[in-house]
1. Go through (1) of a type outside the set (D, E, K, R); (2) part of a loop (DSSP other than H, G, I, E, B); (3) in contact (Cβ under 8 Å) with a residue 40 or more places away in the chain for L11 and report which single condition fails.
2. What number goes with the only condition from (1) surrounded by fewer than 22 Cβ atoms within 10 Å (Cβ to Cβ); (2) outside any loop (DSSP other than H, G, I, E, B); (3) more than 15 Å from the chain's Cα centre (by Cα) that N164 does not pass?
3. List the pairs whose first member sits in segment 110-138 and is more than 16 Å from A151 (Cβ to Cβ), whose second member is in a loop (DSSP other than H, G, I, E, B), and whose Cβ atoms are under 6 Å apart, counting only residues at least 6 apart or on separate chains?
4. Name the helices (runs of 4 or more DSSP H) wholly within segment 40-144 that hold at least 1 residues that are among the polar types (S, T, N, Q)?
5. Just give me the residues in segment 14-31 being in contact (Cβ under 8 Å) with a residue 60 or more places away in the chain and in contact with a Gly (Cβ under 6 Å, 6 or more places away or on another chain), in sequence order.
6. May I ask you to say which residue of A17, A49 is within 14 Å of the chain's Cα centre (by Cα), modelled with pLDDT under 95 and either under 20 Å from V197 (Cα atoms) or small (G, A, S) (or both)?
7. Among (1) modelled with pLDDT of 95 or more; (2) surrounded by fewer than 20 Cβ atoms within 10 Å (Cβ to Cβ), where does M66 come up short?
Amino acid sequence: MSEPKYKRVVLKLSGEALAGNTGFGINPPTIEEIVKEIKEVHDLGVQIAIVVGGGNIWRGTTGAEMGMERAQADYMGMLATVMNSLALQDALENNGVPTRVQTSIEMRQIAEQYIRRRAVRHLEKGRVVIFAGGTGNPYFSTDTTAALRAAEINADVILMAKNNVDGVYSADPMKDLTATKFTELTHLDVISKGLQVMDSTASSLSMDNDIPLVVFNLNKHGNIRRVIMGEDIGTTVRGK
């Protein structure tokens, strides 16, 4: 049996990935399917950290567009990521995968506060660590959280799981039939071409810390394992 290509990863999930076909809220059957794939990779001995968005419950930018103060709206979004993280934790532990949730905003009754050394120790002990609450600061996305935490824990790669999109395209393939898929890019390419992979702060942080990114389709069963094992799927964005 071949060895996994990556030993320690940050898996970035959108909040919408947990909603399934409903498009809103948390869909337990959908989470169960995702968790089974995570467990399969965990059983290979891969150290897994997860960052999940909150867009299935609340988007800070949407609140700001409605006239809400942006910082207040963003804090609501951070709480949405905590809800998603607790749902993921429950599903993982029901499947026999030891899990810890760490939040950037202190809420001791339901999760640990984020401490880098403690997070690394959990990973070394074979626990999945879910980073909730974003960076703890408004105006920063969960993409930036993924890049920041990946740098802090010395992750080998960020796995950017997308819904129904199998990589990075020159335009939105759902709207533009002429869009072409990239198999490999650099973070500088992503920034200069204005490609909507992750926000520019996250791309810059990943580039500065030489963290590769693999963008792939979450909805195709087995893709998380395929990426971990080094199969050539999706789009690889290299640090330099």
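The values are calculated or read from the model by the stated rules, or taken from the named source; none is laboratory data. Keep in mind it's a predicted model, so treat the numbers as computed, not measured. Cβ placement follows ideal geometry from the backbone for every residue including glycine, while neighbour counts extend to all protein chains displayed.
1. Unmet condition: (2).
2. It is condition (2) that N164 fails.
3. Listed pairs, sorted by first residue: Q113/E106; R127/P98; V128/V97; G133/S104; G133/I105.
4. Ranges flagged: 60-65, 70-94.
5. First pass over segment 14-31, keeping only residues in contact (Cβ under 8 Å) with a residue 60 or more places away in the chain: 14-18, 26, 28, 31.
Those that are in contact (Cβ under 8 Å) with a residue 60 or more places away in the chain and in contact with a Gly (Cβ under 6 Å, 6 or more places away or on another chain): S14, G15, E16.
6. Working: A49 fails: modelled with pLDDT under 95.
Within the list A17, A49, the selection yields A17.
7. Every listed condition holds for M66 apart from (1).
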